[in-house]
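The values are calculated or read from the model by the stated rules, or taken from the named source; none is laboratory data. Because the structure is predicted, anything quoted here is derived from the model rather than measured. Don't worry about glycine lacking a Cβ; one is built from the backbone with ideal geometry, like all the others, and counts go over all protein chains shown. Side chains included, ligands, DNA and RNA excluded: accessible areas come from the protein's heavy atoms. Shrake-Rupley method; radii C 1.70, N 1.55, O 1.52, S 1.80 Å.
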Amino acid sequence: MGREDQARAAALHALDTWEQHRSPTDELIAELDAALTDDRDRRFARQLVLGTLRWRLRLDWIIGHFSRPSVAELEPRVLNILRLGILQIHFMDRVPERAAIHTCVELAKRHGARAASGLINAVLRSFQRQPNRVRFPDPTSDTVRYLSLYYSQPEGLVERWRQRWDTEFVRQILETNNTPSPLWLRLNPLRSSAEELCAQIDLDAGPAGYFRARVAHQALHSAAYTAGHFQIQDPSAGLAVTLLAPQPGERVLDACSAPGGKATQIAERMNDTGLVAAADVSATRLQRLRENIARLGLRSVHPVVSDAGQSGLGPFDRVLVDVPCSGTGIIGRHPDARWNRAPEQLADLVQRQRTILSTAYTQLRPGGTLVYSTCSLEREENEDVVEWFLERTPSARIEDAQAYLTTDGSAARYVQTIPGHHSGDGAFAARIHKVNP
C-alpha cells in the first residue's frame, strides 16, 4: 500500500469511528497521528477527515445526483468512501482526479466494501465528467435550504440564524465556519516577551498578547511550545478572562475548567500569585490542564475534581463560569460541532447552564465578580440565561462589558463575537457583580 493510500485508509477508519461514536475531532486526529508516522501523511489525512466532516451535507447532495441507490440507502462505509472521493475531486486541487477515483476504488476493495467498488467507480467518474449536473435549490425562493446545502450546515441552524440576522450576515457566518481556523497563540508573559517569541516562530501579531502562527505544525513542534512560552487559545476565548480582570493575590474559581486554557490565562494575569481553583467534573479532562500547568511553569493553579464549581475552597474573589454549550461559535475550529447538537437538546443545555451558574455564584464572596461565558451564538444560552439569573438573584448586578473591554464593536451590555464579523471564534461573556448585603 502506497504512503497516500495509508493516509486515506486511516482517514476512512476515523470517519467510520465518528459515524459510530461521534468521537470528538481532537480524539480522531490524535488517533490519526498515532497511526501514521510521516508528517505529510498526517497532514493529508487530517485534511481528508476534517474536510469530509465540514462538507458532509454538500458532499451527500452531490452524491445524490449520481448514485442509485440513494444516499440514505448506502452502507455507511461505502458512503464515507464516496465522500472522500468527491471531496478530493471537488475541493482538493492538488490531488489528481484519476488518483482520487482509483484510490477510492482500492479502498473499497481492501476495506470491506468490494461489492460496492463498481458503484463507487461509476459515481466518481460520473461526477468527474459531468460536475454541472449538480443543482442546488434556488437561493432566492428557497434561501434556507440553499444556504444549508451549499455551505453544509444544518437547515435548522441556518433557519434559526436567518430569523435573527439578514441573509448576507448569515452567509458570512457560514462561509467563515467553512474556512479552517488559524492557530492562535497566547503569549505567556511569565516565560517570554513578544519579541523573543517572534524571534523563534513565524508569527503575525493579533490582539494584545495574541499571535497567529503562519505555519501551525511549526509552532506546535517548537522549542518555545515545549518551554511554555505560549498557550494555544483563540482571542475570543480570552475575552472572558479579560472581562473577569483578576488581580494578583486573589482567590479565583474557574468552575468548568478543563482543558484549562482560561485557568492558565487567569494565573498569568495574576503573575502566578494567589489561588486559581480549576474545577471540573472530569478527572480525565483535568489531566490535560495538569500538563499545561507544568509546561507553562505555573504554581498557583490547583485542579479540583468538582461538579459545577462546588470546590469546598470558597469563598472566592472572582468566579469564571465557562459553561458547556452548543458550540455554535466554534464550528470553524471544530467542523463536526455542527452535526453534534439537535435543536431539541438546547432546552436541556440551558437547564444545565442555569444550574451551573446558580451553583457557582454561591462560591462568590459579597463584593466579588463573576463572569458567565459560552462559545455559543444562541440567545437562549447567552443573554436569556443571564437575564433569568438576574431576575431571581437580588444580589446580582450586571456590569456593562464595554466598560472593561476594548474590542472591535463586540462589547456592549455583554460581549458577543460572531465568526465572519469579529476576529476569531464566536464567544459570549457577561460580567456580574455580587453586591454587599
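Looking across the stretch 415-437, the residues that are closer than 17 Å to Val319 by Cα and either hydroxyl-bearing (Ser, Thr, Tyr) or open to solvent by 10 Å² or more (accessible area, probe 1.4 Å) (or both) come down to Arg431, His433, Lys434, Val435, Asn436.
Any residue at all in the stretch 120-130 that's of a type in the set (S, T, N, Q), in contact with an Asp or Glu (Cβ under 7 Å, 6 or more places away or on another chain), in a helix (DSSP H, G or I) and open to solvent by 40 Å² or more (accessible area, probe 1.4 Å)?
Filtering the stretch 120-130 for residues of a type in the set (S, T, N, Q) gives 121, 126, 128, 130.
From what is left, the residues that are in contact with an Asp or Glu (Cβ under 7 Å, 6 or more places away or on another chain) are 128.
This time we only want the ones that are in a helix (DSSP H, G or I), so: 128.
Subset that is open to solvent by 40 Å² or more (accessible area, probe 1.4 Å): 128.
Yes - at least one qualifying residue is present in the stretch 120-130.
Out of Glu383, Glu378, one residue alone is among the acidic types (Asp, Glu), under 23 Å from the mean Cα position of the chain (by Cα) and buried (at least 21 other Cβ atoms within 10 Å of the Cβ). It is Glu378. Exactly one residue among Gln353, Gln287, Gln363 is without any contact (Cβ under 8 Å) to a residue 12 or more places away in the chain and either open to solvent by less than 70 Å² (accessible area, probe 1.4 Å) or more than 13 Å from Cys256 (Cβ to Cβ) (or both), and that residue is Gln287.
Of the residues that sit in the stretch 335-350 and are assigned to a loop (DSSP other than H, G, I, E, B) and in contact with a helix residue (DSSP H, G or I) (Cβ under 9 Å, 6 or more places away or on another chain), which one is surrounded by the fewest Cβ atoms within 10 Å (Cβ to Cβ)? Even if it seems obvious, please write down each step before you answer.
Step one: filter the stretch 335-350 for residues assigned to a loop (DSSP other than H, G, I, E, B), giving 340-342.
Of the ones still in play, those that are also in contact with a helix residue (DSSP H, G or I) (Cβ under 9 Å, 6 or more places away or on another chain) are 341-342.
Working: Arg341: 19, Ala342: 10.
Per the criteria, the residue is Ala342.
The residue of the stretch 11-43 that is modelled with the lowest pLDDT, among those that are over 23 Å from Gln218 (Cα atoms) and open to solvent by less than 60 Å² (accessible area, probe 1.4 Å), is Ser23. Among the residues of the stretch 221-253, just one is among the charged types (D, E, K, R) and either modelled with pLDDT under 95 or farther than 15 Å from Gly368 by Cα (or both), namely Asp234.
Which of the residues that make up the stretch 314-358 are among the polar types (S, T, N, Q) and over 23 Å from Gly238 (Cα atoms)? Step through it out loud before you land on a result.
Quick first cut of the stretch 314-358, residues among the polar types (S, T, N, Q) only: 326, 328, 340, 345, 351, 353, 355, 358.
Correct list: Asn340, Gln345, Gln351, Thr355.
Is there a residue being more than 22 Å from the chain's Cα centre (by Cα) and either open to solvent by 80 Å² or more (accessible area, probe 1.4 Å) or at pLDDT 90 or above (or both) anywhere in the stretch 50-60? Yes, some residue in the stretch 50-60 is more than 22 Å from the chain's Cα centre (by Cα) and either open to solvent by 80 Å² or more (accessible area, probe 1.4 Å) or at pLDDT 90 or above (or both). For the criterion of being touching a Cys at 6+ places or on another chain (Cβ under 7 Å), surrounded by 13 or more Cβ atoms within 10 Å (Cβ to Cβ) and at negative phi, Ile86 fails. Could you tell me which residue of the stretch 131-145 is nearest to Met92 (Cα to Cα), considering only residues that are open to solvent by less than 60 Å² (accessible area, probe 1.4 Å) and of a type in the set (Val, Ile, Thr)? Only one residue tops the list, namely Val134.
Here's the yes/no breakdown for (1) assigned to a loop (DSSP other than H, G, I, E, B); (2) open to solvent by less than 20 Å² (accessible area, probe 1.4 Å); (3) farther than 26 Å from Trp165 by Cβ:
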{"residue": "Val304", "(1), (2), (3)": "no, no, yes"}
{"residue": "Pro324", "(1), (2), (3)": "yes, no, no"}
{"residue": "Ile330", "(1), (2), (3)": "yes, no, no"}
{"residue": "Arg333", "(1), (2), (3)": "yes, no, no"}
{"residue": "Gly368", "(1), (2), (3)": "no, yes, yes"}
{"residue": "Leu390", "(1), (2), (3)": "no, no, no"}
{"residue": "Pro394", "(1), (2), (3)": "yes, no, yes"}
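Would the stretch 146-157 turn up any residue that is at negative phi, open to solvent by 50 Å² or more (accessible area, probe 1.4 Å) and modelled with pLDDT of 95 or more?
Yes, because at least one residue in the stretch 146-157 is at negative phi, open to solvent by 50 Å² or more (accessible area, probe 1.4 Å) and modelled with pLDDT of 95 or more.
Of the helices (runs of 4 or more DSSP H) entirely within the stretch 13-113, those holding at least 1 residues that are closer than 14 Å to Phe127 by Cα occupy 56-64, 76-91, 97-110. Strands (runs of 3 or more DSSP E) fully within the stretch 177-263 that include at least 2 residues being open to solvent by less than 30 Å² (accessible area, probe 1.4 Å): 184-187, 210-213, 230-232, 251-254. Within the stretch 65-79, is there a residue that is touching a residue at least 60 places away in the same chain (Cβ under 8 Å) and more than 19 Å from Ala14 (Cβ to Cβ)? Scanning the stretch 65-79, I find at least one residue that is touching a residue at least 60 places away in the same chain (Cβ under 8 Å) and more than 19 Å from Ala14 (Cβ to Cβ), so the answer is yes.
So, in the stretch 329-353, exactly how many residues are of a type in the set (S, T, N, Q) and either farther than 28 Å from Leu364 by Cβ or touching a His at 6+ places or on another chain (Cβ under 9 Å) (or both)?
2
Taking first residues from the stretch 316-329 that are in contact (Cβ under 8 Å) with a residue 60 or more places away in the chain and more than 21 Å from Gly156 (Cα to Cα) and partners that are open to solvent by 10 Å² or more (accessible area, probe 1.4 Å) and hydrophobic (A, V, I, L, M, F, W, C), the Cβ contacts under 6 Å between residues at least 6 apart in sequence or on separate chains come to Asp322/Cys256; Val323/Cys256; Val323/Ile356.
Assuming Thr273 fulfils every condition listed in (1) closer than 29 Å to Arg42 by Cα; (2) assigned to a loop (DSSP other than H, G, I, E, B); (3) of a type in the set (Ser, Thr, Tyr) apart from one, which condition is it? Here Thr273 clears every test but (1).
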